[in-house]
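I have placed the structure first, in the form of structure tokens, so that the comments after it can refer back to it.
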Amino acid sequence: MPLKLPFRQIHLDFHTSIAIGDVGHGWDRRAFIETLDQARVNSVTVFAKCHHGHLYYQTDRPERHPTLPRGLDLLGEQIEVLHERDMQAPIYISVLFDEYAANQHPEWIARRPDGAPVRGGPFIADWSILDMTSPYQEFLAEQIDEVLRTFAPTDGIFLDICFDVQSATPWAIDSMKKAGLDPTDPADRARHARQVTRNYMTRFKRMVDQAHKGNPCKIWFNSRPKALLGEEKKYLRHVEIEALPTGGWGYSYFPLNVRFARNFGLPVIGMTARFHKSWADFGGLKPQAALMYECCQMLAHGAGCSIGDQLHPRGTLDPAAYELIGSVYRHVEACEPWCEDAKPVTEAAVIRPVDGPYHVEPGGTEEGVVRALQQLHVQFDFIPPGHKLDDYALIIVPEHVRIDAELAAKLKARVDGGAAMLVCGEALLDPAGESAEPVLDRLGIHIDGPSDYGTTYMRLLPELTGADPKTDPVMYERGLQLRPRRGSEGLARIVEPYFERSWEHFCSHAQTPTDKPGNAWCVVGSGRTISIAYPIFKAFATHGNIAYRDLLGHCIDRLLPHRLIQTEAPSHVEMTLMRKRRQHIVHVLSFAPQRRTPTLDIVEEATPLRHLPLAIHRDSKPRRVYTAPYERELEYEYRDGYVHISLSTDDGHVMVVIE
């Protein structure tokens with residue numbers, strides 16, 4: 001049975017330099033716990049070992065922080081006082097970052113093939129990365145063993161910085177050769193790095209389990225790509241999604257990954273931070289509305305909340321930070337009765353490849369999926385190709401997926417079973433790239449290769465939109481040329497420019513204007529399927545042209561006419577449908593992140609909603625409809641299988657409960 005995780009957690013960083021001479025000198029048990037208690041916190045991840053490689057408990061090991069008072073067991077006292085207030089205290093241990101070990105044993109630093117360090121260097125203020133094929137792994141294992149012997153049973157172990165590291169140290173080269181791999185081959189180095197990581201994950205999980213004598217203990221290996229969860233869930237007992245929107249992750253990263261992670265049977269925690277920017281932004285506090293939005297977004301997807309902070313080197317908490325955190329966690333606490341054990345209700349599955357980086361770069365296909373479908377208020381999951389499709393009415397295959405024979409068979413069976421399907425861009429092609437024929441015959445198309453033009457135009461026909469086209473929207477990305485087979489229907493035609501822009505002939509400042517419709521189509525419908533010739537999701541993420549979102553909306557409306565939620569809400573409003581026993585719960589979030597610097601999106605206030613029409617699908621007439629957490633009754637009508645309400649709120653987050 002999955003563990004139940006606290007909803008109101010703090011991840012309390014404590015990466016502290018030896019150049020600071022008064023570490024822990026301001027520690028006050030009472031002030032520490034009272035500050036957390038007043039902020040309604042119920043779990044704090046506390047530090048055994050930081051990125052600087054130093055330890056913060058009573059030990060004879062030389063890595064203990066040299067300026068921590070000799071008699072102060074900081075970690076032990078934190079755990080003790082947290083437990084006195086029935087708060088959990090998982091223990092943090094840094095894995096690949098360890099400046100103490102790097103300085104003592106520079107030969108343990110991971111190296112590139114040219115001999116340079118994988119990260120950092122002698123004149124760079126940055127962390128070195130250690131090689132886990134070197135003796136460093138034994139050094140780290142001894143530290144973990146001591147922590148477990150000293151503090152087990154624990155509330156959990158958080159092992160940080162566990163990404164794959166390609167290294168060319170003598171130990172790594174020897175390890176690759178013993179595994180039959182070629183150290184000069186980048187692909188073999190990547191395979192080796194993945195296996196090294198999984199080997200130490202196996203080892204450390206076994207150590208944690210043995211220390212807890214078979215009792216389940218939370219264990220999390222941070223910095224792993226979430227796309228690997230299908231393969232790596234066996235190492236885990238829960239999932240934490242580190243996603244500081246203002247710290248480089250952006251506001252699409254969390255919904256992208258939680259919509260994937262929640263499908264693996266493990267409890268999920270979202271992690272943001274109180275910082276204006278990213279980790280260790282001392283003195284930086286984000287607006288209250290931003291932190292509220294980030295935590296409520298976690299609740300809306302069925303996840304618990306974790307807010308990152310950093311303890312001052314003297315061991316003191318920032319009162320202003322915990323006033324901010326408390327203002328949000330009081331709301332989270334009030335919402336918990338409707339959030340605990342609630343499960344998402346979805347109608348669409350988006351296929352996601354099973355590999356990818358820890359940080360998904362902005363502007364790509366998956367960000368485009370999140371932005372477009374959230375703005376269209378579609379209830380969807382990301383799933384790996386091997387996941388069951390039976391529960392979804394619509395399957396979406398974005399352009400970055402390659403449909404192999406196994407997935408093709410599953411998709412055919414699901415479409416034959418009554419589901420609808422939308423396939424985009426190069427996902428239409430044979431994955432080997434050897435044929436221009438479509439990978440699925442159910443799509444009812446011929447493919448005449450890629451377009452001759454890098455930029456074309458789309459003429460959306462009334463059969464798709466219900467109206468005559470008023471203009472031909474530009475498509476900035478090169479697509480394929482489709483032709484409907486017998487029984488299929490062209491829904492949008494490619495309109496070609498006069499010529500391809502080049503140095504030999506160009507017109508005006510940008511793309512060449514429209515000339516005439518060509519012979520090819522860019523959208524084709526066939527029964528319960530639609531094919532889009534373009535990388536439409538990447539195009540939307542890259543260019544933000546709402547014509548691309550509108551095209552997707554028209555296609556989804558055609559394929560899925562009876563959506564779970566029907567609304568005229570503005571595109572910034574996010575809605576998720578959850579179910580808890582006999583309750584349906586719609587989370588409505590009305591916040592609008594704005595680009596306030598070249599690299600920073602921020603939320604400064606909630607956006608009020610007035611008389612918003614909202615219809616929620618339900619098989620029977622409800623007994624009661626109200627908003628939570630304050631339980632204000634709502635007038636409603638039940639007709640045509642939908643509960644119809646009008647919603648007005650000044651709060652950025654409200655739950656509509658139907659029971």
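General observations
- Just one residue in the set Tyr626, Tyr630 is over 21 Å from Phe254 (Cα atoms), among the hydroxyl-bearing types (Ser, Thr, Tyr) and in a loop (DSSP other than H, G, I, E, B); that residue is Tyr630.
- Residue in the stretch 216-224 that is surrounded by fewer than 22 Cβ atoms within 10 Å (Cβ to Cβ), modelled with pLDDT under 95 and not basic (Lys, Arg) present: yes
- Long-range neighbours under 6 Å by Cβ, at least six apart or interchain, first residue free of Cβ contacts under 8 Å to residues at least 60 places away in the same chain and over 16 Å from Ser278 (Cβ atoms) within the stretch 579-607, second part of a strand (DSSP E or B) and charged (D, E, K, R): Arg595/Asp601
- Test result for Leu589, out of contact with any Phe, Trp or Tyr (no Cβ under 9 Å at 6 or more places or on another chain) and buried (at least 17 other Cβ atoms within 10 Å of the Cβ): no
- Qualifying positions in the stretch 320-338 - out of contact with any Lys or Arg (no Cβ under 8 Å at 6 or more places or on another chain) and either of a type outside the set (S, T, N, Q) or buried (at least 18 other Cβ atoms within 10 Å of the Cβ) (or both): Ala320, Tyr322, Glu323, Val328, His331, Ala334, Cys335, Glu336, Pro337
Yes or no, residue by residue, for (1) among the β-branched types (Val, Ile, Thr); (2) assigned to a helix (DSSP H, G or I); (3) over 24 Å from the mean Cα position of the chain (by Cα):
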position	(1), (2), (3)
Gly553	no, yes, no
Glu574	no, no, no
His587	no, no, no
Ser590	no, no, no
Arg595	no, no, no
Glu604	no, no, no
Ile616	yes, no, yes
Pro622	no, no, yes
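- Pairs with Cβ under 7 Å, 6+ apart, first in the stretch 151-169 and without any contact (Cβ under 8 Å) to a residue 40 or more places away in the chain, second crowded, with 20+ Cβ neighbours inside 10 Å and assigned to a loop (DSSP other than H, G, I, E, B): none
- Of the residues making up the stretch 627-646, those that are under 20 Å from Ala334 (Cα atoms) and either of a type in the set (Asp, Glu) or crowded, with 16+ Cβ neighbours inside 10 Å (or both) are Thr627, Ala628, Pro629, Glu631, Glu633, Leu634.
Conditions (1) within 23 Å of the chain's Cα centre (by Cα); (2) hydroxyl-bearing (Ser, Thr, Tyr); (3) farther than 17 Å from Glu477 by Cα; (4) not in a strand (DSSP E or B), marked per residue:
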{"site": "Gly487", "(1), (2), (3), (4)": "no, no, yes, yes"}
{"site": "Leu491", "(1), (2), (3), (4)": "no, no, yes, no"}
{"site": "Val495", "(1), (2), (3), (4)": "no, no, no, no"}
{"site": "Arg501", "(1), (2), (3), (4)": "no, no, no, yes"}
{"site": "Ser508", "(1), (2), (3), (4)": "no, yes, yes, yes"}
{"site": "Cys522", "(1), (2), (3), (4)": "no, no, no, no"}
{"site": "Arg563", "(1), (2), (3), (4)": "no, no, yes, yes"}
{"site": "Gln566", "(1), (2), (3), (4)": "no, no, yes, no"}
{"site": "Asp601", "(1), (2), (3), (4)": "yes, no, yes, no"}
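One line per residue, one yes/no per condition, for (1) in contact with a Ser or Thr (Cβ under 9 Å, 6 or more places away or on another chain); (2) of a type in the set (D, E, K, R); (3) not assigned by TED's automatic domain parsing to the domain that holds Glu231:
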| site | (1), (2), (3) |
| --- | --- |
| Phe139 | no, no, no |
| Ile144 | no, no, no |
| Asp155 | yes, yes, no |
| Asp188 | no, yes, no |
| Arg191 | no, yes, no |
| Arg198 | no, yes, no |
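- Looking across the stretch 214-250, the residues that are touching a residue at least 12 places away in the same chain (Cβ under 8 Å) and charged (D, E, K, R) come down to Lys218, Arg224, Lys226, Glu231, Glu232, Lys233, Arg237, Glu240, Glu242.
- Residue check, Ser646 more than 24 Å from the chain's Cα centre (by Cα), farther than 16 Å from Tyr251 by Cβ, of a type in the set (Gly, Ala, Ser) and not in a strand (DSSP E or B): no
- Every residue from the stretch 115-147 that is among the charged types (D, E, K, R), over 10 Å from Thr169 (Cα atoms) and not in a helix (DSSP H, G or I): Arg119, Asp126
The values are calculated or read from the model by the stated rules, or taken from the named source; none is laboratory data. The structure displayed is predicted, hence computed values, not measured ones. Positions of Cβ are generated from backbone atoms using ideal geometry, with glycine treated the same way; all protein chains shown enter the neighbour counts.
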